[in-house]
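This report refers to the structure that appears directly beneath it.
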Amino acid sequence: MKAVPVTRGFAAEYRHDGVAFYFFKLRSDGEIAVWFQYLGNKKPFSEPALREEIRRRLCEVPGVDIAADRISGKPRFALSLLSTPAAMRQFKDTWTWALEQIRSMREGPDDALS
């Protein structure tokens, strides 16, 4: 995963088999925007249950409260909520899990023709 500059911040980008995944944006105003909107356009996160799992895991960080109906949007929370080692570990573990989901994808029989 690498940081790429975007308007008013940096986004976390990961490339797998030539496909770019953007997970979140670290905003210049001190907030993190989770980019469910973009994740939802790509497998495996086109499955709402996987975006919901990311939301659930992020909500385990004390103070992070992302509403369930925001898994298609770009909800935000304060970067300061990640100031403790435990909170940062939970945040990083969430994205490690997401990376594992991407890496474990296998092309199914219906996908082979598209």
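222 nm [θ] for the chain, helices only, -39500 (n - 2.57) per DSSP H run of 4+, per residue, to 500?
-9000 deg cm²/dmol
Considering only protein heavy atoms and a probe of 1.4 Å, how much of the accessible area of the chain is carbon and sulfur, as a whole percent? Please list the in-between numbers first.
Numbers: 3460 of 6740 Å².
The computed percentage sits at 51.
May I ask for the distance between the Cα centers of the stretch 32-89 and the stretch 7-22, given as a whole number of Å?
Answer, in whole Å: 16.
Heavy-atom accessible area per residue, the stretch 22-114, 1.4 Å probe: how many Å²?
With all protein chains present, the stretch 22-114 gives 58 Å² per residue.
So, in nm, how far is label Lys74 from label Ala49 when the simple model puts each one 7 Å beyond its Cα toward the Cβ?
That separation, rounded to one decimal, is 2.9 nm.
I'm spelling it out carefully: the read-out is semi-axes √(5λ) of the Cα gyration tensor in Å, the candidates are (i) 28, 17, 10; (ii) 25, 15, 13; (iii) 41, 12, 10, and one was derived from this structure. Which label?
Read-out from the structure maps to (ii).
Taking all protein chains together and a probe of 1.4 Å, list Lys42, Lys92 from the most accessible to the least accessible.
Descending accessible area places them as Lys92, Lys42.
The values are calculated or read from the model by the stated rules, or taken from the named source; none is laboratory data. Here the structure is a predicted model, which means the values were calculated and not measured. Backbone-built Cβ (ideal geometry, glycine too); neighbour counts: all protein chains shown. Just so you know, the surface numbers come from the protein's heavy atoms only, side chains and all, with ligands and any DNA or RNA stripped out. Shrake-Rupley method; radii C 1.70, N 1.55, O 1.52, S 1.80 Å.
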